[in-house]
Amino acid sequence: MSDWVLEILIALGYVGLALLLIAENIFPPIPSEAVLPLAGFLASRGYMSLWGAITAATIGSCAGALILYSLGRWGGRMLVLGYGHILRIDASLLARAERWFVPWGDWVVLGARVVPLARSVVSVPAGTMRMSPVRFTVLTAAGSAVWNTMLIGAGWLLGENWERVSHWIETYSNLVVGLALAALGMGLYLLVRRRRASQCEL
């Protein structure tokens, strides 16, 4: 994958980087962890500036996220699920994401921007749950800027060893999933405990 990504980045520069991040949001098989560190490496070699790359990537991330958000908000669940095989979203995944939105909508949008795969998925329930477009855009830009800075910065620092970032991200993803499951388990435990306490009082 890195060969054709490299060709796009060299040929189109910032525009190519933004387009790749739009595609990464819509088609999860295109991983940002393979695109952004390479962009950082190119920045270290003078093909683009570091901050220019971060800005272009963040613009692309927001544009791609807004496409999915619009699909959810104005197309509705039926349209989203109709294209679920392309977006890698099924009914159960969308339902779980929507349940998370009820108590923690803002934090879900912000936090998901630094979690692989969830970066793309989270935009759809934000639309179906009708989150404010302005709030969604601000949260998406903030979270995406953090993620893009991390990965592009890592590629810039590592230089020719930029591919190591992918291995780090795999470890990071496993850690995030583990922490999320632990948090979910704790939340369920506290919920059950609270209900039992309420029943005892009755």
Q) In region 151-166, how many residues are of a type outside the set (S, T, N, Q), surrounded by 14 or more Cβ atoms within 10 Å (Cβ to Cβ) and over 12 Å from THR58 (Cβ atoms)? A) 9
(Q) For region 13-34, which positions are at pLDDT below 90 and assigned to a helix (DSSP H, G or I)? (A) ALA23, GLU24, ASN25, ILE26, SER32, GLU33, ALA34
**Q.** Residue identified as aliphatic (A, V, I, L, M), surrounded by fewer than 20 Cβ atoms within 10 Å (Cβ to Cβ) and free of Cβ contacts under 8 Å to residues at least 24 places away in the same chain among ALA11, ALA34, ALA23
**A.** ALA11
Q: Give region 45-55 a look and list any residue that's of a type outside the set (Val, Ile, Thr), surrounded by fewer than 19 Cβ atoms within 10 Å (Cβ to Cβ) and in a helix (DSSP H, G or I), or say none.
A: LEU50, TRP51, GLY52
Q | Only listed residue being more than 16 Å from the chain's Cα centre (by Cα) and either over 25 Å from TYR14 (Cβ atoms) or at pLDDT 75 or above (or both), chosen from GLY143, GLY84, GLY127 | A | GLY84
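The values are calculated or read from the model by the stated rules, or taken from the named source; none is laboratory data. Computed from a predicted model, the values in this text were never measured in an experiment. As a convention, Cβ positions derive from the backbone with ideal geometry for all residues, glycine included, and neighbour counts pool all protein chains shown.
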